[in-house]
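Input: a single structure, listed below in C-alpha cells.
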Amino acid sequence: MGNMSEYEPHRVSHLAKLNWLRAGVLGANDGIVSIAALLVGVAAATTDTGPIMIAGVAGLAAGAISMGLGEYVSVSSQRDSEMALIAKEKQELIDQPEVELAELAAIYEHKGLKPETAKIVAQELTDHDPIRAHLEAELNILEAHIVNPWAAAASSMISFFAGAMLPFLTVIFAAEQFRIPATIVASIIALGATGAAGAYLGGSSMWKSVIRVVIGGAAALSITFAIGSLFHTSVA
C-alpha cells in the first residue's frame with residue numbers, strides 16, 4: 001500500500017504537467033501561425049516598417065488577449081459543470097448511500113467482474129474514499145485534475161506571446177529585402193519544432209504531426225502573402 005500512496009500523487013502531477021505542456025505547445029503554435037501570417041500579409045503590401053510594426057504589436061496584444069479570454073471562458077464552463085457534478089454526487093452519497101453503493105457495484109460488474117467480486121470492490125473503494133470512487137467510476141472525474149481557469153488563461157497568453165515573438169522579431173529586424181522569406185523560414189522551422197514537441201508529449205507519430213503543422217502554417221502564410229500582394233499591386 002505504501003507504494004500506491006507514493007505513486008498516486010506523482011501520477012496526478014505527471015498528467016497535470018503533460019496537459020499544461022500540451023496547452024503551451026498549442027498556444028505557441030497559434031502564436032507563430034497567427035502573427036507570422038499577419039506580418040507576411042502586411043509586409044507583402046508595404047515595405048514601410050511603421051505599419052508592419054503596428055500590425056505586429058496589435059496582433060500580439062489581440063491574439064494573446066483572445067487566447068487568454070477564450071481559455072478562461074472554456075475552462076470556467078468546464079470547471080462549473082464538473083463542480084456541479086461533484087456536488088450532486090456528494091449529496092447523493094449523503095442521501096442514498098445504499099443506492100450509490102449498488103450503482104458502483106453494477107458499474108464494475110458491467111466491466112466484467114463477477115457480482116460478488118464487484119460488490120467487494122465497490123465496498124472497499126467506498127470505505128477508502130467514497131467520493132473519489134464514484135467520481136472516477138461514474139463520471140471519469142478526478143478533483144485533482146480540475147483546472148484553475150485563471151492559470152489556464154495565463155498559460156495560454158504566455159505561450160501565444162512566446163510563439164508570436166519569433167516571427168515578430170524576425171520581420172522587424174531582418175533586412176527589408178529578406179523580411180518575408182526570413183519570416184517564412186523561421187516560422188516553418190518553429191512550427192516543425194512545436195509539431196514535434198506536441199507529438200512527443202502525446203506519444204504520436206512525430207513526422208505526421210510535423211507535416212500537418214508545417215503544411216497548415218505554409219498554407220496560412222501563402223494565403224496572407226497573396227492577399228497582401230494584391231493590395232500592394234492595387235496601391236501601386
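The values are calculated or read from the model by the stated rules, or taken from the named source; none is laboratory data. What you are looking at is a predicted structure, and each value in this text was computed from that prediction instead of being measured. Cβ coordinates were reconstructed from backbone atoms using ideal geometry, including for glycine residues, and neighbour counts include every protein chain displayed.
Here are some residues: Asp80, Asp129, Asp95. Which one is out of contact with any strand residue (DSSP E or B) (no Cβ under 9 Å at 6 or more places or on another chain), more than 30 Å from Gly50 (Cβ to Cβ), modelled with pLDDT under 85 and charged (D, E, K, R)?
Values: Asp80 fails: modelled with pLDDT under 85; Asp95 fails: modelled with pLDDT under 85.
Result of the check over Asp80, Asp129, Asp95: Asp129.
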Output for Cβ contacts, cut-off 7 Å, separation at least six or different chains, first residue within 15 Å of Ile188 (Cα to Cα) in segment 201-215, second of a type in the set (Ser, Thr, Tyr), reads Val213/Thr194
Just one listed residue, out of Leu93, Leu85, Leu101, Leu69, is surrounded by 19 or more Cβ atoms within 10 Å (Cβ to Cβ) and not in a loop (DSSP other than H, G, I, E, B), and it is Leu101
Those residues of segment 108-131 which are among the polar types (S, T, N, Q) and surrounded by fewer than 16 Cβ atoms within 10 Å (Cβ to Cβ) amount to Thr117, Gln123
Expected single match for of a type outside the set (Lys, Arg) and at pLDDT 90 or above among Ala162, Ala236 is Ala162
Residue count, segment 168-179, condition within 14 Å of Ala44 (Cβ to Cβ) and surrounded by 21 or more Cβ atoms within 10 Å (Cβ to Cβ), comes to 2
